[in-house]
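Notes follow once the structure below has been shown.
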Amino acid sequence: MLAELKGLNEECGIFGIWGHPDAAQITYYGLHSLQHRGQEGAGIVVSNGEKLKAHKGEGLVTEVFAGGQIEDLKGKAAIGHVRYATAGGGGIENVQPLLFHSQVGGLAIAHNGNLVNANDLKHQLEHQGSIFQTTSDTEVLAHLTRRSGYTKIHDRVKNALTMLKGAYAFILMTEKKMMVALDPNGLRPLSLGRLGDAYVVASETCAFDVVGADYIRDVEPGEFLIINDEGIHSEFFSRNTNRAICSMEYIYFSRPDSDIGGINIHTARKSLGKKLAHEAVIEADVVTGVPDSSMSAAIGFAEASGIPYELGLIKNRYVGRTFIQPSQSLREQGVKMKLSPVRGVVEGKRVVMVDDSIVRGTTSRRIVSMLREAGATEVHVRISSPPIKNPCFYGIDTSTHEELIASSHSVEEMRKIIGADSLVFLSEQGLVDAIGRDDEGEYRGQCMACFTGKYPTDIYPDTVLPHEKA
């Protein structure tokens, strides 16, 4: 859905290409396909083999590059970034890719994720004389790389990566090569593709379809790729790996036409809906989903339950993403602007409203109210994920424990708060089984920390949540 217009916001999307004469143009289209991962900033850095050139700005991809700047970015390689600017972390200086210049050459970095030991590393680096130009934890990698004792840039980067803890998918570029890295838990998605003789890397495979590239494979946890004019070389900076891809990528963040680990997102969400229908049997007249990411789960729920699926809620496509508004009053007004109930579908009906998650509960309450105002006789809420009880430290702007309604309320208390006739969440085991990854382990290669509180990495005492960066 709108993920409750709410506090579930992905940090960013990254894209890179090496070996194409129209690298900047291809990157532009790649970023456009990843726009759902970040709407407040975008940038592209291009290499012509001799120097790096950048253009970035605040706003959507089409806004940042509305003045013909793409034509000025000449080169055969480029990396790009779309960003969701978390509170306190805005400003043009934080828009990526970050570009650094030194006497030995340039280095551009695009990052998706969040480093849980960023504060510790910043304190150490500042004590050693580093001066940070941004509030982004991405800059830590540049400083660590510069201070490494190795001669070759890829060895310096690899050495720096071993000091990082948390979630990170990196694309780095110098004048002569591109480097790609994924954290040892593989918390964020990252895929490798091919476009003719060029190599392409993107947060989601939907970007490959848009630019006409062929998917090769997912980047592995702890893997380090070096791409240059000679081809591609794979090695590992860490063998101590334990796959834990963010479950919310399947539930909410990724586009339905993307694949993660060979699993199509739309198919996974339908499966979540089917599993939910089996776990939460209900008698009703119509099933509807909250646009957009809940639609697939709603279709699956309808198929498994035998209750007809209808468009009971319509999304206004010409309203901005209002969940980024800082005040609760603006967020609630955003619900009214974004969603409208279809009276002819829900009036006089027992409605099952399928949604992907509940964070604060305010938006769910408003949607239930809208359905009742449109004539629904009953509103039964079904959530295609378990209750979110714990904050995320890995690059998703979830709230503190105090702001997560499921952290301090029972399901029955939440039902009363949102005004539903019934409320059922998908079970943790149901989520794992429905997605159907074939990894080993309790959660089969998924991070379930926001549901279970079991984090795949150490959490440092002074870890800053993404929304608390300043």
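The values are calculated or read from the model by the stated rules, or taken from the named source; none is laboratory data. Owing to the predicted nature of the structure, the values given are computational and were not obtained by experimental measurement. Neighbour counts run over all protein chains shown; Cβ positions are idealised from the backbone, glycine included. Surface areas here come from the heavy atoms of the whole protein model, side chains and all, with no ligands, DNA or RNA. Shrake-Rupley method; radii C 1.70, N 1.55, O 1.52, S 1.80 Å.
Going residue by residue through the stretch 298-309, is there one that turns out to be assigned to a loop (DSSP other than H, G, I, E, B), in contact (Cβ under 8 Å) with a residue 40 or more places away in the chain and either more than 18 Å from residue 357 (Cα to Cα) or among the hydrophobic types (A, V, I, L, M, F, W, C) (or both)? Yes, that holds for at least one residue. The residues on offer are 26, 44, 79, 14, and the sole one that is more than 18 Å from residue 99 (Cα to Cα) and modelled with pLDDT of 95 or more is 26.
Given the options 244, 213, name the one that is among the small types (Gly, Ala, Ser) and either modelled with pLDDT under 95 or over 18 Å from the mean Cα position of the chain (by Cα) (or both). Just one listed residue meets the conditions, 213. The single condition among (1) within 30 Å of residue 454 (Cα to Cα); (2) open to solvent by 10 Å² or more (accessible area, probe 1.4 Å); (3) not aromatic (Phe, Trp, Tyr) that residue 234 does not satisfy is (1).
Scanning the stretch 232-250 for any residue that is among the aromatic types (Phe, Trp, Tyr), over 28 Å from residue 174 (Cα atoms) and either touching a residue at least 60 places away in the same chain (Cβ under 8 Å) or in contact with a Pro (Cβ under 9 Å, 6 or more places away or on another chain) (or both) turns up at least one such residue. Among the residues of the stretch 132-147, those identified as open to solvent by less than 10 Å² (accessible area, probe 1.4 Å) and either part of a helix (DSSP H, G or I) or more than 17 Å from residue 183 (Cβ to Cβ) (or both) are 139, 140, 141, 145.
Table: residues versus (1) in contact (Cβ under 8 Å) with a residue 40 or more places away in the chain; (2) within 18 Å of residue 25 (Cα to Cα); (3) surrounded by 24 or more Cβ atoms within 10 Å (Cβ to Cβ); (4) not β-branched (Val, Ile, Thr).
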site: 152; (1), (2), (3), (4): no, no, no, yes
site: 156; (1), (2), (3), (4): no, no, no, yes
site: 167; (1), (2), (3), (4): yes, no, yes, yes
site: 181; (1), (2), (3), (4): yes, no, yes, yes
site: 200; (1), (2), (3), (4): yes, yes, yes, no
site: 203; (1), (2), (3), (4): yes, yes, yes, yes
site: 210; (1), (2), (3), (4): yes, yes, no, no
site: 218; (1), (2), (3), (4): yes, no, no, yes
site: 222; (1), (2), (3), (4): yes, no, no, yes
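Scanning the stretch 26-64 for residues that are touching a helix residue (DSSP H, G or I) at 6+ places or on another chain (Cβ under 8 Å) and aliphatic (A, V, I, L, M) yields a count of 8. Taking helices (runs of 4 or more DSSP H) as the structural unit, those lying wholly within the stretch 378-463 and holding at least 3 residues that are over 30 Å from residue 83 (Cβ atoms) correspond to 411-418, 428-435.
Selection over the stretch 103-122 of residues that are open to solvent by less than 50 Å² (accessible area, probe 1.4 Å), outside any helix (DSSP H, G or I) and over 16 Å from residue 14 (Cβ atoms) gives a count of 4. So which residues in the stretch 32-75 are over 17 Å from the mean Cα position of the chain (by Cα), crowded, with 19+ Cβ neighbours inside 10 Å and polar (S, T, N, Q)? Hit for the stretch 32-75 is 47, nothing else. Under the condition of being out of contact with any Lys or Arg (no Cβ under 8 Å at 6 or more places or on another chain) and part of a loop (DSSP other than H, G, I, E, B), the residues counted in the stretch 189-208 number 5.
Criterion applied to 49, 129, 88 was being at pLDDT 85 or above and either of a type in the set (Phe, Trp, Tyr) or outside any helix (DSSP H, G or I) (or both), and the one residue passing it is 49. Every condition in (1) out of contact with any Leu (no Cβ under 8 Å at 6 or more places or on another chain); (2) in a helix (DSSP H, G or I); (3) open to solvent by 40 Å² or more (accessible area, probe 1.4 Å) holds for residue 275 except the one numbered (1).
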